[in-house]
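The values are calculated or read from the model by the stated rules, or taken from the named source; none is laboratory data. Note that this is a predicted model, so its numbers are computed, not measured. Heads up, the Cβs are rebuilt from the backbone with ideal geometry, glycines too, and the neighbour counts pull from every protein chain shown. We work out accessible area using only protein heavy atoms, side chains counted, and drop any ligands, DNA or RNA first. Shrake-Rupley method; radii C 1.70, N 1.55, O 1.52, S 1.80 Å.
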Amino acid sequence: MTDKVRDQDKTHFGYKDVKPDEKEKMVAGVFHSVADSYDVMNDLMSMGVHRLWKRFTIELSAVRKGHQVLDIAGGTGDLTKQFSRLVGDTGRVVLADINESMLRVGRDRLIDQGIVGNVEYVQANAECLPFPENTFDCITIAFGLRNVTDKAEALRSMCRVLKPGGRLLVLEFSKTNNPLLTKVYDTYSFSLLPAMGKLVAGDSESYRYLAESIRKHPDQKTLEAMMKEAGFVNTTYHNMTGGIVALHKGIKP
Ligand SMILES: C[S@@+](CC[C@H](N)C(=O)[O-])C[C@H]1O[C@@H](n2cnc3c(N)ncnc32)[C@H](O)[C@@H]1O
């Protein structure tokens, strides 16, 4: 096990070292607070680019008619909505999230858009997924893993509930490798982002946590090593927007 992989055993809330149960409560507080303004802020913060990152995730998922899909940390349901169309009447999409406020906003939004019939909503922690072994053809976790307290346990849990040959896609903020881009991105994340959070959502602290949690998240190589340790094979990743975001893929053997 590398030092970087071992460092993931420590629990952080942004830059603060905290106990595991404290982190869970603090993350819950952040998402209760941002749930109602989450979609507007997502578009504002990324200038709409999160839609392109998610589109690529859907393309790489290879999800098709009849598939069973789990969108863990699914929040307001951007990926679930697309999967619901792809799996059709014979498939099923489970939108699972630990946070009831995010689940409520997601469920109301999808129902309003007529996405009904093949979507289920489950309140669940990624660390102990309440599904039988070998259930899903595909699991996605988009911008969720960095909020999870025990990431290694969550990855093992995802591996357990995937069918053999099934794929996991982890879409997450990652590490830029261009010094100029890193400088601009840091200024944006630590100055502009909390100010925007204050203006639009009346909450700068949650958006400061967002910026800090991104910096504490494992880099591309470390996350790939963690996925292998959790049991995934054929692991790969694609950097997007200069490494600001990476899409990791792994297959259950
Ligand atoms: C930034 S949002 C991402 C929502 C959605 N996937 C998207 O891409 O727009 C992160 C989500 O992770 C959820 N979350 C945090 N910790 C979790 C955990 N341990 N298990 C499941 N969901 C979790 C939060 O409640 C929140 O809805």
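At-a-glance table
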| read-out | value |
| --- | --- |
| The range 3-251 - charge dipole about Cα centre, Lys and Arg +1 at Cβ, Asp and Glu -1, debye rounded to 20 | 620 debye |
| Restraint check, 25/221; 81/252; 65/252; 16/228; 25/54; 151/252, Cα-Cα greater than 26 Å | 25/221; 16/228; 25/54 |
| Cβ-defined net charge surrounding residue 183, 14 Å radius [Lys, Arg +1; Asp, Glu -1] | +1 |
| The range 3-251: mean projected area of Cα convex hull, nm² | 12.2 nm² |
| Residue among 243, 144, 117 with the largest mean-square fluctuation in a Gaussian network model of the chain, springs linking Cα atoms under 10 Å | 117 |
| Contact order normalised by residue count of the range 114-212, Cα under 8 Å, 6+ apart, percent | 23 percent |
| Å² of accessible area per residue within the range 20-163, as computed with a 1.4 Å probe and no ligands counted | 43 Å² |
| Packing-based order for 93-100, 145-152, using average beta carbon neighbours within 10 Å, highest first | 93-100, 145-152 |
